[in-house]
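First up is the structure itself, then whatever we jot down about it.
Since every read-out is calculated from the coordinates, none of them should be taken as a lab result. Keep in mind that this is a model prediction, so the values were computed, not measured. A quick note on method: Cβ atoms are made from the backbone with ideal geometry, for glycine too, and the neighbour counts reach across all protein chains shown.
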Amino acid sequence: MSKILLIGANHKTAPVELREKLSFTTEETMAALESLRKDPNIGECLVFSTCNRTEVLYVPKTGDQVDRVIEFISSFKKIDVSEFKDHLYIHEEDAAIHHLFCVASSLDSMIVGEPQILGQVKAAYRAAVSSKTTGVLLNRLMHKAYSVAKKVRKETGIGDNAVSISYAAIELANKIFSDLSQKSVMLLGAGEMAELAVEHLLSHRVKKIIVANRTFKKAVELSDKFKGQAVKFEEREDALAEVDIIISSTGATEYVLTCDQVKRAMKKRRHNTLFFIDIAVPRDIDPKINSISNAYVYDIDDLKNIVESNIKQRGKETVKAQRFIEEAVVKFRQWMESLSVVPTIKALNDKMTAIVDMECKKTLSSLKHLSAEDIEAITRMTQAIASRTIHDPILFLRNTGDHRNDSLYLNVTRQLFNLDIPEEK
Amino acid sequence: MNLQTADILLQITTALYFLSMAGYLLFLFNQKDVYQRAGFYCMTAAVMCHLSSMVVYTVVEGHVPIQNLPQTLSLSALVTGCMFWFFNYKFSLKILGVFASMLLAAIMLSVLILPDSPVEKDAVLKGFWLYSHIILVFAGDGALALACGAGILYLLQEKGIKTKQPGFFFKRLPSLDLLDSVGYACLATGFALLTIGLVAGFVYAKAIWGKFWSWDPKEVFSAGTWVVYAALLHLRLYSGWQGRKSAIMTIIGFVIIIFTFLGVNMMIGGHHQGFTK
């Protein structure tokens with residue numbers, strides 16, 4: 001019988017340097033799938049690689065082929081086996097299925113519950129499908145992985161909380177302002193951090209973006225990029241009167257906005273709420289500003305704390321998610337077992353016998369004039385027809401050929417005769 | 001139709017307010033929209049039922065039930081219920097239902113518990129100006145009660161954000177902006193109704209006692225309340241008193257209203273006392 005194996009390394013087992021060496025680009029994935037497809041020992045396979053993990057999921061034709069796959073990775077990535085073998089995990093059967101479901105449901109991610117992983121899993125599957133390396137088992141396995149991931153996302157709170165700094169900041173902004181599209185943002189400093197933060201905010205469409213930077217030229221460059229407005233760094237206090245959110249990320253060693261400056265600006269803006277997000281280290285915004293009424297200051301540590309408590313919250317939800325995954329593993333196992341030869345033949349036999357018995361009874365009950373011997377003969381004949389009909393298909397199923405994909409034929413048989421074990425959708 | 005019908009309707013009303021409160025509390029903890037909707041439908045049914053009880057009483061007795069304390073409390077609850085209905089429709093600030101349903105359930109419970117002491121019918125307690133005075137003032141008080149509720153929610157949310165410890169309420173409450181603007185809308189509406197209601201009171205006083213103002217304790221406290229809210233509105237508009245300060249002031253203002261409504265009669269007395277005993 002076919003089995004499913006998974007070999008890989010992730011952020012829990014391998015340091016980042018090693019993960020970098022092991023990771024496959026999209027082109028490399030395609031090339032790897034291509035050569036694995038030609039490998040006579042591998043039935044089905046899928047290569048999944050992100051910045052946090054590299055995994056090969058496969059169905060061997062004979063044996064378990066673990067060494068073969070490890071060697072393949074070693075020669076493909078040109079890295080010595082001894083260098084990474086200790087960092088690998090090798091899951092077989094249920095453990096492999098369980099692991100895949102956990103990965104797709106984002107339980108195995110570095111940040112549990114992060115939503116990108118399912119998309120990455122889908123992309124890996126699409127690549128495998130286009131390289132024709134998947135078959136009955138992996139096709140079904142991957143589709144089950146999607147449905148369990150969706151269930152986990154929908155029915156547990158795993159994806160609810162903000163677990164990245166920029167997301168936490170936006171969530172806070174949404175709890176302070178009712179409509180971000182009516183609010184303006186000022187960036188202090190035009191570095192990479194500022195750019196990242198603004199990209200996130202832009203997806204929420206703010207009204208206007210003002211950039212203030214010590215080097216005016218850089219301010220202009222960045223503001224052009226976001227169709228905003230550049231101001232001189234010295235004008236920042238005046239600009240406070242017209243913006244609502246300030247994101248600061250300068251390299252200054254002293255505070256670039258002081259309590260007095262904000263107090264003055266507050267009068268000008270008639271005490272409308274100001275939200276300061278200070279992602280600079282050392283800090284740019286005087287923390288005392290937080291004590292001014294209608295002004296809120298969050299520095300990078302405050303945001304990190306929120307993120308951490310949200311991550312803790314997610315831990316509780318994973319227990320529930322684990323239950324869903326275990327259920328799905330059990331169901332998949334049942335399906336796989338049904339794919340072996342004997343149960344299939346038995347199910348086919350049972351089905352035919354049932355049909356013959358039912359039809360015989362129906363007809364004979366209306367033919368009252370027949371003698372007991374006649375009835376006996378007719379019954380025997382119908383049974384013979386049934387067993388002759390399925391004789392060749394059964395013979396075919398029993399005769400496992402060397403180069404034949406058994407699970408494919410078993411699956412087809414079960415589908416043709418509608419023998420699939422009932423399961424919940 | 002008789003007075004018993006009105007009483008039974010009033011009991012059903014109270015039960016419905018409690019059901020509404022249960023729905024809203026479940027919503028607060030569970031965040032499932034179905035509870036909130038159940039709470040809102042119960043509230044709507046309660047207001048309808050309450051109104052029919054009032055109508056039955058008025059038809060049977062020939063005057064609006066404002067003779068003693070339970071009756072006036074009941075009327076104030078009905079008017080507050082209507083006010084909540086209006087603001088909920090306008091702002092869909094669902095969570096405010098937690099405050100409103102709790103307040104209404106508490107008022108109605110005291111209505112049922114307080115002795116319904118029979119009072120001599122007073123011919124003075126009738127007429128268009130009196131009814132306008134009472135209903136407008138109660139409507140104003142109701143809106144100001146909701147302003148107080150929005151203020152409490154604002155302070156809860158603001159505290160979490162200011163101290164950087166977003167807790168139980170952070171996810172459950174809407175943005176500070178929205179809470180503040182709902183509070184402001186309730187405040188402005190309440191103040192306008194209160195003002196017109198007080199003017200109607202003056203007109204009524206002139207017709208009955210021949211003078212607009214007679215230094216009755218309740219008159220003095222009502223004027224005091226009016227001044228507090230006038231000051232708050234002024235500060236909001238011209239000195240940037242929105243947000244936290246405004247929230248605190250609406251809560252203080254509502255405490256003064258409660259005292260004016262109940263405390264003055266119980267502790268000091270005056271010509272308003274007849275129908276709050």
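Residues whose amide H lies under 5 Å from that of A:Glu44, counting only those 5 or more places away or on a different chain, are A:Val59; hydrogens are built 1.01 Å from N in the peptide plane.
Residues with beta-carbon under 12 Å from that of A:Leu222, excluding A:Leu222: net charge, scoring Lys, Arg +1 and Asp, Glu -1?
Numbers: positive: A:Lys217, A:Lys218, A:Lys225, A:Lys227; negative: A:Glu192, A:Glu195, A:Glu199, A:Glu221, A:Asp224.
With Lys, Arg at +1 and Asp, Glu at -1, the neighbours total -1.
Averaged over the residues of B:21-28, the number of partner chain Cβ atoms lying within 10 Å of the residue Cβ comes to 0.
The mean number of partner chain beta-carbon atoms within 10 angstrom of a residue's beta-carbon across peptide B:237-245 is 4. The chymotrypsin sites (Phe, Trp or Tyr not before Pro) found in segment B:161-264 that occupy coil by DSSP, while having at most 11 further C-beta atoms within 10 Å, are B:Trp215.
Order of A:Tyr58, B:Tyr24, A:Tyr167, A:Tyr409 from fewest to most other C-beta atoms within 10 Å? Write out the running numbers ahead of the final one.
Values: A:Tyr58 29, B:Tyr24 26, A:Tyr167 16, A:Tyr409 19.
Lowest to highest Cβ neighbour count: A:Tyr167, A:Tyr409, B:Tyr24, A:Tyr58.
For chain B, the longest principal axis of the alpha carbon atoms and the long axis of helix B:244-258 meet at an angle near 20°. Counting Cβ atoms of other protein chains within 10 Å of each residue's Cβ and taking the mean over peptide B:166-179 gives 4. Can you list residues from other chains, or at least 5 along the same chain, whose modelled amide H is less than 5 Å from the amide H of A:Ile210? Residues meeting the criterion, in which the H sits 1.01 Å from N, are A:Val185, A:Met186, A:Leu187, A:Gln229.
3J(HN,Hα) along segment A:39-46, derived from phi through the Karplus expression 6.51 cos²θ - 1.76 cosθ + 1.60 where θ = phi - 60°, amounts to 5, x, 8, 10, x, 10, 7, 8 Hz, with x in place of Gly and Pro. Model label points for A:Ser338 and A:Gln261, set 7 angstrom from Cα along the Cα-to-Cβ axis, are 6.9 nm apart.
Would you work out the relative contact order for segment A:339-416, in percent, from Cα pairs under 8 angstrom that are 6 or more residues apart? Display every interim value, and only then the final one.
Numbers: 29 pairs, mean separation 42.1, N = 78.
Once divided by the residue count of segment A:339-416, the mean separation gives 54 percent.
Taking the number of Cβ atoms within 10 Å of each Cβ as an exposure proxy, the fewest-first ranking of A:Val206, B:Val182 is A:Val206, B:Val182.
Legend: P(r) of chain B from all alpha carbon pair distances, 10 Å bins from 0, whole percents, reading 7, 28, 34, 22, 8, 1. Relative to the longest principal axis of the Cα atoms of chain B, helix B:33-61 runs at roughly 10 degrees. Karplus-derived 3J(HN,Hα) values for segment B:64-71, using 6.51 cos²θ - 1.76 cosθ + 1.60 with θ = phi - 60°, are 6, x, 9, 8, 9, 4, x, 5 Hz; glycine and proline are entered as x. Distance from the Cα centroid of segment A:111-149 to that of segment B:1-37 is 49 Å (rounded to whole angstrom).
Computed about its Cα centre, the charge dipole of the protein assembly as shown is approximately 1200 debye, with only Lys, Arg, Asp and Glu carrying charge at their Cβ. What number, rounded to the nearest 500 deg cm²/dmol, is the helix-based mean residue ellipticity at 222 nm of the protein assembly as shown, given -39500 (n - 2.57) per DSSP H run of at least four residues and division by all its residues? So the helix-based figure for the protein assembly as shown works out to -21000 deg cm²/dmol. Can you tell me how much longer the chain between A:Asp67 and A:Ser35 gets when fully stretched, taken as 0.36 nm per residue apart minus their C-alpha distance, in nm with one decimal? This chain segment gains 9.9 nm when fully extended. For the residues A:Thr318, A:Thr62, A:Thr50, a GNM of chain A with alpha-carbon springs under 10 Å puts the largest fluctuation on A:Thr62. With contacts taken as Cα pairs under 8 Å and at least 6 residues apart, segment A:155-287 reaches a relative contact order of 24 percent.
The C-alpha atoms of chain B define a longest principal axis, and helix B:217-239 lies at about 30 degrees to it. With the Cα gyration tensor of segment A:249-402 giving a ≥ b ≥ c as the square roots of its eigenvalues, does the rule (a/c under 1.5 for rounded; else a/b larger than b/c for prolate; else oblate) give rounded, prolate or oblate? It is prolate, given that a/c is not under 1.5 and a/b is the larger ratio.
Provide the packing ranking of B:136-143, A:299-306, B:152-159, A:346-353, i.e. peptides ordered by the mean count of other C-beta atoms within 10 Å per residue, highest first. Mind showing how you got there, number by number?
Working: B:136-143: 25.0, A:299-306: 17.8, B:152-159: 20.8, A:346-353: 14.8.
Highest mean packing first, the order is B:136-143, B:152-159, A:299-306, A:346-353.
Pairs of Cα atoms nearer than 8 Å and 6+ residues apart set the relative contact order; for chain B it is 19 percent.
Net charge within 13 Å of A:Glu34 by Cβ-Cβ distance, Lys/Arg positive one each and Asp/Glu negative one each, not counting A:Glu34 itself? It would help to have the intermediate numbers written out before the result.
Values: positive: A:Arg37, A:Lys38, A:Lys132; negative: A:Glu27, A:Glu28, A:Asp39.
Local net charge: 0.
With a cut-off of 19 Å, note down the residues of segment A:234-256 whose backbone N falls inside the zone around a label point 7 Å from the Cα of A:Phe216 toward its beta carbon. Counting backbone N atoms under 19 Å from the label point, the list is A:234-240.
Of the residues B:Thr58, A:Phe84, A:Ile247, the one whose Cα sits farthest towards the positive end of the charge dipole of the protein assembly as shown is B:Thr58 (charges of +1 on Lys and Arg Cβ, -1 on Asp and Glu Cβ, taken about the Cα centre).
Computed over the Cα atoms of segment A:165-306, what is the ratio Rg over Rh, Rh following Kirkwood? List each step's numbers first, then the result.
On the way: Rg = 13.4 Å, Rh = 14.7 Å.
On the Cα set of segment A:165-306, Rg over Rh gives 0.91.
Over all orientations, segment B:174-252 has a Cα convex hull whose mean projected area works out to 5.7 square nanometres. Estimated from the Cβ-Cβ distance and a Förster radius of 30 angstrom, the FRET efficiency linking A:Lys362 and A:His391 is about 0.75. With a simple spin-label model that places each label point 7 Å from the Cα along the Cα-to-Cβ direction, the separation between A:Val412 and B:Leu25 comes to 6.5 nm. Net charge of the neighbourhood of B:Ala38, taken over other residues with C-beta under 14 Å away and scored Lys/Arg +1, Asp/Glu -1, is +2.
May I ask for the percentage of alpha-carbon pairs in the protein assembly as shown that lie more than 33 Å from each other? Pairs farther apart than 33 Å: 67 percent. About its Cα centre, segment B:160-260 has a charge dipole of approximately 340 debye under the convention of +1 per Lys or Arg Cβ and -1 per Asp or Glu Cβ, with nothing else charged.
Is the C-alpha gyration tensor of segment B:127-189 telling us rounded, prolate or oblate? Criteria: a/c under 1.5 is rounded; beyond that, a/b larger than b/c is prolate, otherwise oblate.
On the way: a/c = 4.75, a/b = 3.77, b/c = 1.26.
Prolate, since a/c reaches 1.5 and a/b exceeds b/c.
The charge dipole of segment B:29-175, taken about the Cα centre with unit charges on the Cβ atoms of Lys, Arg (+1) and Asp, Glu (-1), comes to about 900 debye, rounded to the nearest 20. Please name which of A:Ala372, A:Ala96, A:Ala168 has its Cα lying farthest along the dipole of the protein assembly as shown towards the positive end, using unit charges on Cβ (Lys, Arg +1; Asp, Glu -1) and the Cα centre as origin. The residue sitting most towards the positive pole is A:Ala168. As a proxy for reagent exposure, B:Lys164, A:Lys268, A:Lys368 were ordered by neighbouring Cβ count within 10 angstrom, fewest first; the result is A:Lys368, A:Lys268, B:Lys164. Taking 0.36 nm per residue of separation and subtracting the Cα-Cα distance, full extension of the segment from A:Lys346 to A:Glu242 would add 29.6 nm.
Couplings 3J(HN,Hα) of segment B:146-157, computed from phi: 5, 4, 4, x, 4, x, 4, 4, 4, 5, 4, 5 Hz, in residue order, whole Hz [Karplus 6.51 cos²θ - 1.76 cosθ + 1.60, θ = phi - 60°; x for Gly and Pro].
Translational diffusion coefficient of segment A:339-416 at 10 °C, 1.306 mPa s, Stokes-Einstein with Kirkwood Rh over Cα pairs, in µm²/s as a whole number.
Numbers: Rh = 14.3 Å.
Rounded to a whole number, D works out at 111 µm²/s.
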